[in-house]
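Notes to accompany the following structure.
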Amino acid sequence: MAAFHFELVSPEKLLFSGSVDSVVVPGSEGEFTVLAQHAPTMAVLRVGVVKVDAGDGKLSQLFVGGGFADISAKGLTILAEKAIPVEELTAARFDADILTSEKEAASAITDEARRLANEKVGQLRDVRATLGL
């Protein structure tokens, strides 16, 4: 399989940079897989898990709390609002994020802000259940 360059960056640090065979991305319209020579695309991310196949037989998983994916001739770059390796996630961390989003929904001034915060709560609960935390 042809490889391409992938980087995942959060405000805190660079979490991944290297050559990969494929990346499954949690887009706002649904998951999609990026392979070498993918069409140029810009996508909004939802809360979810990025699955990275570096071609070494190991699948890396990184939790993202939203952001953007930019696919270009140079490869894939994900700019995540928040990103954490899945193995570092805990139920307590999810509980804190869910509580924060619930407070954002309760204090939202507009219906759209309330809808987005409630959507994030649902996404966090779904990912937590999927990961068995």
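The values are calculated or read from the model by the stated rules, or taken from the named source; none is laboratory data. Everything numeric in this text was worked out from a predicted model, so none of it was measured. So basically every Cβ, Gly included, is an ideal-geometry build from the backbone, and we count neighbours across all protein chains shown.
Values computed for the structure shown
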{"item": "Exclusive hit being of a type in the set (A, V, I, L, M), touching a Gly at 6+ places or on another chain (Cβ under 6 Å) and within 27 Å of Val23 (Cα to Cα), set Leu79, Leu133, Leu62, Leu116", "result": "Leu79"}
{"item": "Options Ala92, Ala129, Ala108; residue that is within 14 Å of Gly48 (Cα to Cα) and small (Gly, Ala, Ser)", "result": "Ala129"}
{"item": "Any hit, the range 112-131, residues being buried (at least 16 other Cβ atoms within 10 Å of the Cβ) and part of a strand (DSSP E or B)", "result": "no"}
{"item": "Number of the condition not met by Asp56 [criteria: (1) out of contact with any strand residue (DSSP E or B) (no Cβ under 8 Å at 6 or more places or on another chain); (2) modelled with pLDDT of 95 or more]", "result": "(2)"}
{"item": "Qualifying positions in the range 24-64 - under 12 Å from the mean Cα position of the chain (by Cα) and free of Cβ contacts under 8 Å to residues at least 12 places away in the same chain", "result": "Gly30, Phe32"}
{"item": "So Ser19, is it within 11 Å of the chain's Cα centre (by Cα) and surrounded by fewer than 16 Cβ atoms within 10 Å (Cβ to Cβ)", "result": "no"}
